[in-house]
1. For the range B:707-834, what is the convex hull volume of its Cα atoms per residue in Å³?
2. How high is the FRET efficiency between B:Gln232 and B:Asp417 when r is their beta carbon distance and R₀ equals 45 Å, given to the nearest 0.05?
3. Could you work out how far apart the two model spin labels at B:Glu346 and B:Lys399 are, taking each label as a point 7 Å from the Cα in the direction of the beta carbon, and quote it in nm?
4. Using θ = phi - 60° and the Karplus relation 6.51 cos²θ - 1.76 cosθ + 1.60, list the HN-Hα couplings for the range B:104-110 in order, rounded to whole Hz, with x at every Gly or Pro.
5. Does the range A:16-95 classify as rounded, prolate or oblate by the C-alpha gyration tensor (a ≥ b ≥ c root eigenvalues; a/c under 1.5 gives rounded; else a/b over b/c gives prolate, otherwise oblate)?
6. Which shape class applies to the range B:1-147: rounded if a/c is under 1.5, otherwise prolate when a/b exceeds b/c and oblate if not, where a ≥ b ≥ c are the square roots of the Cα gyration tensor eigenvalues?
7. For B:Glu537 and B:Glu931 in the same chain, what is the full-extension length gain: residue separation times 0.36 nm, less their Cα-Cα distance, in nm?
8. How much length is gained if the chain between B:Gln434 and B:Lys883 is pulled fully straight, taking 0.36 nm per residue apart and subtracting their Cα-Cα distance, in nm to one decimal?
Amino acid sequence: MNRTHRSAGGSRGLGTMEVKSKFGAEFRRFSLERTKPGKFEEFYGLLQHVHKIPNVEVLVGYIDIHGDLLPINNDDNYHKAVSTANPLLRIFIQRKEDADYSAFGTDTMTRKKNVLSNVLRPDNHKKKPHIVISMPRDFRPVSSIIDVDILPETHRRVRLYKYGTDKPLGFYIRDGSSVRVTPHGLEKVPGIFISRLVPGGLAQSTGLLAVNDEVLEVNGIEVSGKSLDQVTDMMIANSRNLIITVRPANQRNNVVRNSRTSGSSGQSTDTSLPGYTPHTVQNFHPEEDDSDEDDIIIEDNDEPRQIPKAVPTSESLESLTQIELLHESTQNGFIPFSEVNLCHSAGNVNMEYEIHDPDKKSLEDGTIITL
Amino acid sequence: MRRFLRHGHDPVRERLKRDLFQFNKTVEHGFPHQPSALGYSPSLHLMAIGTRSGAIKLYGAPGVEFMGLHEENNTVMQIHFIPGQCQLVTLLDDNSLHLWSLKQRSGASELQEEQRFTLRGPPGSPPSATQITVVLPHSSREVLYLGTESGNVFVVELPSFRLLEDRTITSEAVLQRVPEDYRSRRSFELVEALREHPRNPGQILIGYSRGLIVLWDLHNKRVSHHFLGSQQLENLFWQKDGRQIISCHYDGSYAQWPVSNDNRQPEPLESKVPYGPFPCKAISKIYWQTTKNGLPYIIFQGGMPRASYGDRHSISVVHGSQQIAFDFTSRVIDFFVICNADRAAEFDDPSAMVVLAEEELVVIDLKSAGWPAVHPPYLASLHCSAITCSHHVSNIPLKLWERVISAGSKQNSHYSDMPWPIDGGTNLAPDPPQRDLLLTGHEDGTVRFWDASGVCLRLLYKLSTVRVFLTDADPNDNMNPLGEDEWPPLRKVGSFDPYSDDPRLGIQKIYLCKYSGYLTVAGTAGQILVMELNDEESEHVVDHAEADLLQDQEGYKWKGHERLKARDEPVRFEPGFQPFVLVQCQPPAVVTSLALHSEWKLVAFGTSHGFGLFDHQQKRLVFVKCTLHPSDQLALEGPLSRVKSLKKSLRQSFRRIRRSRVSSRKRRAGGGITAEVQEANSKFDHDALQEMELAPIQRKIEARSAEDSFTGFVRTLYFADTFLRDSSRHCPSLWAGTNGGTVYAFCLRVPPAERRMDEPVRAEQAKEIQLMHRAPVVGILVLDGHGTPLPEPLEVAHDLSKSPDMQGSHQLLVVSEEQFKVFTLPKVSSKLKLKLTALEGCRVRKVTVANFGSCKTDDYSENDLAILTNLGDIQIISLPFLKLQIRYPCIRKEDVSGIASCVFTKYGQGFYLISPSEFERFSLSTKWLVEPRCVVDTPEITGNNYLHNRSGMEKATRKSRESGRSSGDPGEDDERKSGRLMEHALLNDEKVLKEIQSTLEGERRSYGERNSRRIHVGHGLSNGGAE
């Protein structure tokens, strides 16, 4: 339990990694052996030890490579945190009794200031009590409202993260009709609506979608003119990272923007804003969103692994963002997409794409055995 | 910015695309769905068929065909050619008349609608007053006589359709000449028949339904003779010399009446009930054809004894002592007899009888002894037994082609060798560029080989797999010839036989290797047959093996059909494809994928439970792989039909009701149906509709999971010689893709040829790829170092220039219903992808590699993917960079059966079913186009106003005479000039599609949507024009 992970002073060998841990206003710095991170319980004990808070129940969080504040509460996410730390692992510790669960999640980068101030000064953030949607047991967030700044206030863009959770998406859509403002006046047009939320499903648990919300876009593609079946297929095809833009049936809970630009003020509740659609489509490149690109390969009855991306050529470079991502991760010596690495051998830093047992190698050299 | 550039238009590529791709629907193959009318022009030697959806199709010599579609999409009731003209008149069931012309434009004839007309009575008169029952185009070509329900005969001028009221033959005028007592009994009579005097155009014969027949003198406008029939009249025929008329009647009798110039009351010379003495069905049409030897041919439709044979669809031919009642497989729509068309000739001399039945066309040779059937070169009944799958093989080597034809010719020995008697028009289409085979698998366990090279889809050879199995049915059942003393002397003709003895025999997958002649077919009960082409008859035992695909799975019970029982004793096989190995999957689920490698002598097969590999050289099972998810109860239990939800089965029962309502409506036209049934039907329909409307249609949005049903269903199998494990050595491999998005790759070791029989083929699983979007894998393909798809087995051996590049690195293309993905080999890393569903909401239904040649330069061609989506669109996607090239709407998305039946060729053409009996052919290529191009000439008119047949031998000299004739006949020249303005009308039979739709619509389509849908079709819709 009290095994020390502290390595020799300032030596920063290949196998070690710096940890910067913050509790209240106090920082502690120490290092860990990257290849042997140990168990979460040990790490938890270590943190209590270095902060000298042996009997305080705390929540442990870290900042991942995207700047998201994510929890560490089991071996898996602990290992994940260690393996992705770049170059240093930043740990935030909160007392369990005044923990702010909403601080965890993606896009915390964009809200960084708030998040950090929340975490850093938990006592001065007591103005409005927040609603705990769910315990942050999951490694990944399950949903978020995005693009608030570029959407009309009457619209809401919701991202549902299917992977990392066992919950079903849990909603149904139907045909319906909605009224649009057109140059020729009001016009009744067919639309797609959410018809049902399955209790306990992802969609319901987020509270961001409701029955009779009109679906306007799926991952940046407008649904107008598409049939119910087409929209169904699009949603299922994007189900691992579904972004749907809706016009909520209940317009009273809309997100109010902090700084309104002059152009977007005073809008009526109509939904067809000719100026806005191309803008949003530009902001979404579903074909470049590679978060679902984690196909798995099993070779020669080996462990399942994710399929890496081939060395990009000019044809296969799909976006600048991807290059950045690639760049970022190669710096670290990791293959891309390791953020959702499913294999348990992720600690193996120098993982080659093909791993063969010595006898398997010999098979390849000639003798082939029938199954 | 980068993105913008990537999608930018490259003008060079855009130009190339125009040279490569072009979408056309070119021709419809097969038998028209729901034919309703038949017409024939003795002078043009052209036949016309009308359908219930308003289409008309004209056929002449093989390759000569035209299509037209009435805008109204109403049933075509009658078709009449204008004597001696390239014109015809159609009567629709909305009582409208339409005039169509064959006009010449840039050397080829085109069918064009010219005029339409609806006969209207004075205001206030009942609709029956002008309801047309019969149409007689007069030989003067100036007028049409229209018999109506009111008994009046109206006269309209051609081509203007102007009603000539002063020439109307009213029933009052006719009845004045009829004896008093007769007149009083018959207050209302509809006109049942109109016939022109064969020698004297000034006289017409009018037959009324209650039996009265009058001879009307057109010049004096009076009745010159009347014949008082006592039986309800069905039809009339005038003998060639004009001296006798024949009437046929409702009670199954016919009568001969003399026509003489004296004024006494004529009595029938002879009245006969051919199948008496018990009550008989009506004789609805009769021909009396004279011959040189004096014995006439009496040919009549119906007349069967009501009680015992009333359900037969028969046409009887009587010639002296010979008499045969041809017994057709479906209702007879109409028939005609081909005889000497020369009106001046002394005798009719009939040569053939052409019968249009509801499901097939039958032609009987009346010249040859025994009156054998003639093998039609077109209008094949594709649906003799329902089509269950199809497979296209391009560019067949001549040797194989000849062997298939020779095998087929032995099967066709019972056909007459008479040349095809309907030989009008001249086929101008160039010879097909290559020999193509289309193989169709059928529900009854047969595979039919069609010559799909040209416009005429011709049956070459029929293969039956039934004999391999023990079934209840005796295969000789239908061949049973009737005994000598049998009366009536029925003889079954035609091949339409939709009733399958055992649905397990159905063919589901076909693969033919054109180089080796190996054929493998797989069926509904998990049976896989491997066959070899043998020119000799053979009697041998078919080896059989079992493949247990469940292996370790225990505790489950297959609740589907049993597997077929194979015969253990030697079986006699006729020359052709003869099975030598039978593999049966256990459980006997339907075979869902099949691949054959003729060089390695391996066959791979897959079902919903797994897949296996069989060595057909050593006749040994190499391995099986179970792909089933342990919790997938549905796949384990039985055939796919068990999955149907309650909702779906409900919908199907409504469909059944709808169908019965449709067919009852059809019956009303013929014979009548009680009103109550209809009323009940429509009420039920209405209730059902309301019920469906209460619950709105909604769709569940859920990610696919490994536990979903049928994830183990094997969708595709593929053999490749590639770098599966290491980049220095390539090896044979087998790839399989499942419904759950998994790809398995097996490394194979095939012994060298000299030890092929001594060492076993070995296989070892090398890779398993799980696509995380878990969509069904519908295609797997390996691209060589140049990005070109690997060649087919043996292709390289036969064509050296095609050997693949084995130096560069190979790539794997996996096509799922939702995405296209390219991976590197042997180390699998993802290289490229194209997401289809996420962007467009459509899914891949069919995918194939097609070679597109440029229409501008002969030396450029490229390989692309041709795909068909669930929305019925066709897209072309480039290889190896997966860029969308072009998209065409092809099939309506509701036409689920059409989409499911689509098959692409290797050179950018394709076929899909537009009805159970018709393939639409389409082309995506600018280079390979098969479409009809033909010309029909107007017959010459001789001085005495009689017509001469100018087809046949004279056609050969057509061109030379054409030039010499131009001065002689100015009228015809004018017509030719105006013809140049006409559009080619190659029409899509939209209403047929609509009807199939209503019965076969997809499971996800809403009930209300289906009912409210209206399809508007213009009759000028043609050629499917590219975007």
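1. In the range B:707-834, the Cα convex hull volume per residue is 122 Å³.
2. Rounded to the nearest 0.05, the efficiency is 0.60.
3. With each label placed 7 Å out from Cα toward Cβ, I get 5.8 nm.
4. Couplings: 9, 9, 6, x, 10, 8, 9 Hz.
5. Rounded, since a/c falls under 1.5.
6. prolate
7. That works out to 138.1 nm of additional length.
8. So the chain would gain 158.7 nm between B:Gln434 and B:Lys883.
The values are calculated or read from the model by the stated rules, or taken from the named source; none is laboratory data. The model shown is predicted, which means the values in this text are computed figures rather than measured ones. Because the Cβ atoms are built from the backbone with ideal geometry, glycine has one as well, and the counts that use them run over all protein chains shown. Please note that ligands, DNA and RNA were not included when accessible areas were found on the heavy atoms of the full protein model with its side chains. Shrake-Rupley method; radii C 1.70, N 1.55, O 1.52, S 1.80 Å.
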